Structure formats: structure tokens, C-alpha cells
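The values are calculated or read from the model by the stated rules, or taken from the named source; none is laboratory data. Given the structure is predicted, the values throughout are model-derived calculations rather than measurements. So basically every Cβ, Gly included, is an ideal-geometry build from the backbone, and we count neighbours across all protein chains shown. Please note that ligands, DNA and RNA were not included when accessible areas were found on the heavy atoms of the full protein model with its side chains. Shrake-Rupley method; radii C 1.70, N 1.55, O 1.52, S 1.80 Å.
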Amino acid sequence: MMVVKTFELKTWRCAGRYLSLLAAVFGGLMASGCGGGSSTPQTIAPAGTSQNVQSIAVNGGPIANQIYADGAFTSVTICAPGTSNCQTIDGVLVDTGSFGLRIPSSLITLPLAQQTASNGSAVGECIQFGDGSYVWGPVATADVKMAGEVASAVPVHLLQDSFFTVPSDCSSSGGPEENDPQSLGANGILGIGYFGDDCGPACAGGTISPPTPFYYECSSAAGCVPAFVAEAQQVTNPVALFATDNNGVVIELPAVSGQEASVTGSMVFGIGTESNNGLGSASVYTVDPNTGNISTTFQGKTYTDLAFLDSGSNGNFFLDSTTTNIPGCTVNTDFYCPASPLNLSATNQGANGNSASINFSVGNADELFTNTTDAAFGNLAGPNSGMFDWGLPFFFGRNVFTAISGKTTPGGTAPYWAY
Amino acid sequence: MNHRHLMRRVSLALGFGIAVLALGSPSAAELGGDLNSVATDQARMKATVRSTQTSSYAVHELQAATGTVVREYVSSAGKVFAVAWHGPFLPNLRDLLGQYFAPYSQAVQAAKLHHPGRSPVLIQQSGLVVESGGHMRSFAGKAYVPQLLPEGTSAEEIR
């Protein structure tokens, strides 16, 4: 039986809208839309009833005795290509800030063929993340299934210490190696951002020589050396390879006022391809083609092409204490710790000129993290050198569309975000 | 091409305030190093260099073919007191931070022990500040040694 559940959310996020309406009445001013959730009640498509809806949960992650704050997790089924030899891996981080599926090889029970270069060497990959960490291991091929969608022969990244010695230009990001679930805080990362593949033309050759340290050819004779890999063989966002509903994804999470033990939502595949994934009243924010970013204006200053939406960041990370006058934390030094919660606003602007204000709040992370049971925080925030990283708190109470580069959508030319 | 020769060319460029050097093979300088290390970095990155001079320091901007840009800030005393970067790939921080890579690496690994998750890097030690973040195909950050900042230079100028 199909039960369509509609959440009518009039959270604090929208309170500002009503205040603005009052201001409009009494002061002749009109604010440009509700900063938080949608201006109409948010509808979260129910999982389990449509082929394009996958359940996601902000539940602290799969690792026992540790809470991954503000991470959205889902399960992914992978199969040996063309076979029904499959396994389902839960606790995979949903990340709109990266592209491609990465899974610790220790979790894989399937025989997955490793990708090889034309000279017979094994193809390996190093990914460095914005937090300084890195992951390393071979590229393999798998069929990837989520909800009722199937992507065949997807290049995926297996995280594996024993593959070959980690190249020094991989560990040069300085942070920890996160090849195992414990250090990753997850059983994998599902990169469903706006690019189809993780490196793109820069790793495929052309005018760049020698290859940048990203993909490697590895052999026992020569070790691992940077190598070019054609885009079709690069680790690929599985959504882009779905047979249907492959032009993007919608992340739908309910509002979180303050903090909650967990919340559940949906990841809907496709944009405007089914009755449940239309853009509706969402505004499209195209990204700058060079930087892949949008712009944010905060306290009168515009940070041009320095803002992005990233469900894989576990807070809203912006600017620094000197600029914002918000003190940093003493324990969790990568977060803000104001004396009392702050309600702030900023304005996002796409490369296409669309803009609207965002209301958001900043809590005291050291205090928030003393709670050992809650995993969903609406007000986690921290500093970020000169940039605005709208992390998972941004996604609470909004349906956020990520359109994949090169795909046709009702919102026009991808890549873009819409909400 | 040896470093001494390269250094002369950079110095010449500084003499004219702004110049663009398009060299055959690019690379990057290192924090706390001298002007020679700019040439070393340039060679490693296979970058082109554009140098500008302010009243208190020089900025050598290295542009790699991949699109990543590294800026190295050199005081009038000839010391690299800050580096900054942006672009589709993180630069090699082991090369770029030089002697400061080890303390940076220890600090960023220690910071991650407090809680799992993905947040930008912020290291604030008395002798080293590192800010680094971004996402796949778009990174930015900077590192500087507070004690080496020329008098009157604000950390906000480093970007």
C-alpha cells in the first residue's frame, strides 16, 4: 500500500518569513523569501514505494561507540558486474561534495575485477579531502544498485592499505589515512555531487603533462607512478550511470530545530524525471564553471565563487573568528563556540544571478558534543578559510537538488544546485 | 635550469614590480624557506610564475597546468612567511610547508581524534597557522608563520 507522507514544517527557520511579512505590512519592506526550508510545506518522498527513492538517515553512522554528528547515511548494493552476486553495504556517507563510490576493501566480499592500464599495471587512486585526510587503493568495477535503480559497470574506488605503498604525494595532504571504516567513520562514501567523474579532464591527459598525482599505475616492478585515466574509466558518480533517473539527485531531510537523536529522509534520484522529483518552486543556482562554486554574501561582504553545498560536511563552515567575531571552540577547535546560540543570515547567489537569503544558527559545538546520544544538529558550524561550506545543517528542512554536469534537466544546463 | 639562474630572473622580475615568467618546467617554494625555494616549488609544480611587489613583501604566484594556483609570500628579508593556494587539486603540502609539514600533520591528525566527521582544517599554534578546506575539484587554504609576518602585514592579506 502506498502511503504518501507529507511533513508540514513551519520551523523556526521560517519564522523569519512571518516576521518579514509583518515588517512588510508595517514598514513597507519585503524580504526575499524564507531563509530556511521551502516557502511551501516540505514534502519528503517516502522510501520503499518508488524505484527512485532511497532512505537516508542522520543516525550517528555505523561505527559502534562513536557518533558521527551531522552525517547522512544510506545503504548501497554492489554486485560483481553482470551477475546476481551482490552484497549490500549500509552506513555509507551521502556526500554531495564528491563524485564516485568509495568503499573499504575490508568490507567487500565479492570478486570485483581491478581496473588495469594498457600496460597491465593495476590502476590505483588517491583522494585527498578538504579536511586533510586521504584514502588510497585500487579502482575496480561493480554494478551499483540503490532503490530500484541500477548502474552497470561502475568504476569504484576500493580503499586498501595493502594495495601498494601509499605514494608520498598522496599522504602529502597531512591528515590521517582513512582506508578503514573506523577512521572513515563510515562504511564508505557515496559521492553524488554535480560531476560525473571524480577528476575529470585534468586526469585524462590533453595539455597536462606529466600526470597529476591522482590516478596511478602500479606494478611490483615500478611501484606506483601518476598516470592518465580516460574519463570513462575514472571513478564515477553511480547516479550518472543509472539507466533512468540519472540527471541528478534530491536530498530530502526534515528540519532539525536544535538537536535530535536521529532523523530520516530520502534521496530521490532524477530531477523532473518522475512525479516525485520535480523542481517545483525551487530556485536554480548554477555554479561557476571554473571553480564549481556559487557566491555567498555575509555581513555586507560577498565571497565570490567561494561557496558550495556539501552534505558530506558535518556543519556549516564559514570564514573565521576574526571575520565573524564568533569564538572558536577550545576542545573541538574546528568548530565555533559562541557563548549563546546565534541566529544569522547570508545570501547565496548562483552564477546565473539567482539569489535568496538563508537563515542559519550557530550553536556551541563543545557543549553540543557533550551529548552522547544525539546525532542530528541543526546548528553545528565552524570556521573555513575564506569560504562558505553549506554542510548538512543547510540540508535540514530543505529539498536540495544537485544536477549532474552534462545532463539535461528541466532546470536548464547542469551543473547546478537548486532548493 | 639551475636555481641560481632562476633566482636572478625572479629578482629581475621583482625589480620591475610585475612580470610574468613562463618557464618550461614548473614547481613550488616552501614555508620558512628563502627565495630559492620559490624556484624549487615552481619546478616541482611545472608552474608559470607571476611576481608582484608590495612595500613590505613580494608575492610569487605559481600557476600549475592543472589549474591550481599557489601564492608564496616573501619578506624583504627573503623569507617565505606565508603560502596560499586554490584550485582543483590540493598542492603537495609536504613540499609547500617544508619544515612545518610535520607539525601541521601532527596537529591535523590530532584534531580529527576528537570526533569523526569532515570539517575544514584549522591549525592555530603560536608558531604556525594553517587553514585549509574545500571539496573535490575545488580546494583553498593558506599557511603562515606569525613570527615571520613583516611588520604591519595582516594575515587577511594572505589568500
If one builds a Gaussian network model of chain A from Cα atoms under 10 Å apart, the most fluctuating residue listed among A:Ile108, A:Ile251, A:Ile358 is A:Ile108
When the charge dipole of chain A is computed with +1 at the Cβ of Lys and Arg and -1 at the Cβ of Asp and Glu, the Cα pointing farthest to the positive end, of A:Thr273, A:Val235, A:Thr116, is that of A:Thr273
The simple spin-label model distance between A:Thr116 and A:Ala232, using points 7 Å out along Cα→Cβ, in nm, is 1.9 nm
Short to long, in 10 Å steps from zero, the percent of alpha-carbon pairs of segment A:211-296 per bin is 12, 24, 31, 20, 11, 2
Mean-square fluctuation maximum in Gaussian network of chain A, Cα pairs under 10 Å, restricted to A:Gly174, A:Gly258, A:Gly200, hits A:Gly174
Among A:Lys301/B:Lys79; B:Lys46/B:Lys79; A:Lys301/A:Lys407; B:Lys79/B:Lys112, the pairs whose Cα-Cα distance exceeds 24 Å are A:Lys301/B:Lys79; A:Lys301/A:Lys407; B:Lys79/B:Lys112
Convex hull around the C-alpha positions of segment A:259-303: the volume in Å³ per residue is 175 Å³
With a ≥ b ≥ c from the Cα gyration tensor eigenvalues, square-rooted, and the rule rounded for a/c under 1.5, otherwise prolate when a/b > b/c and oblate otherwise, segment B:103-159 is oblate
Everything considered on the Cα gyration tensor (a ≥ b ≥ c; rounded for a/c under 1.5, else prolate if a/b is larger than b/c, else oblate), the protein assembly as shown must be described as oblate
So A:Asn85 and A:Ser345, fully extended at 0.36 nm per residue minus their Cα-Cα distance, gain in nm 88.6 nm
If one compares the long axis through the Cα atoms of helix A:12-27 with the longest principal axis of the Cα atoms of chain A, the angle in degrees, nearest 10, works out at 40 degrees
Summing -39500 (n - 2.57) over every DSSP H run of at least 4 residues in chain A and dividing by its residue count gives a helix-only mean residue ellipticity at 222 nm, to the nearest 500 deg cm²/dmol, of -2000 deg cm²/dmol
For segment B:58-120, whose charge dipole is built from +1 on Lys and Arg Cβ atoms and -1 on Asp and Glu Cβ atoms, the candidate among B:Leu97, B:Gly117, B:Thr68 with its Cα farthest towards the positive end is B:Gly117
With every protein chain in place, the accessible area of A:Glu178 for a 1.4 Å probe, in Å² rounded to the nearest 10, comes to 10 Å²
Counting only protein heavy atoms and leaving out ligands, DNA and RNA, the solvent-accessible surface of B:Ser154 at a 1.4 Å probe, in Å² to the nearest 10, equals 40 Å²
1/(1 + (r/R0)^6) with r = Cβ-Cβ of A:Asp161 and A:Asn354, R0 = 45 Å, i.e. FRET efficiency to nearest 0.05, evaluates to 0.50
The answer for A:Gly270, listing residues at least 5 apart or on another chain whose modeled amide H is closer than 5 Å to its amide H, is A:Asn247, A:Gly248, A:Val249, A:Val250
About its Cα centre, chain A carries a charge dipole, from +1 on Lys and Arg Cβ atoms and -1 on Asp and Glu Cβ atoms, whose size in debye to the nearest 20 is 1040 debye
Counting only protein heavy atoms and leaving out ligands, DNA and RNA, the solvent-accessible surface of A:Thr74 at a 1.4 Å probe, in Å² to the nearest 10, equals 10 Å²
Across the alpha-carbon set of segment A:110-154, Rg over Rh with Rh taken as the Kirkwood radius works out to 1.08
Between the residues A:Ser168, A:Gly188, A:Thr207, the Cα farthest towards the positive end of the dipole of segment A:161-231, that dipole coming from +1 and -1 charges on the beta-carbon of Lys, Arg, Asp and Glu, is from A:Thr207
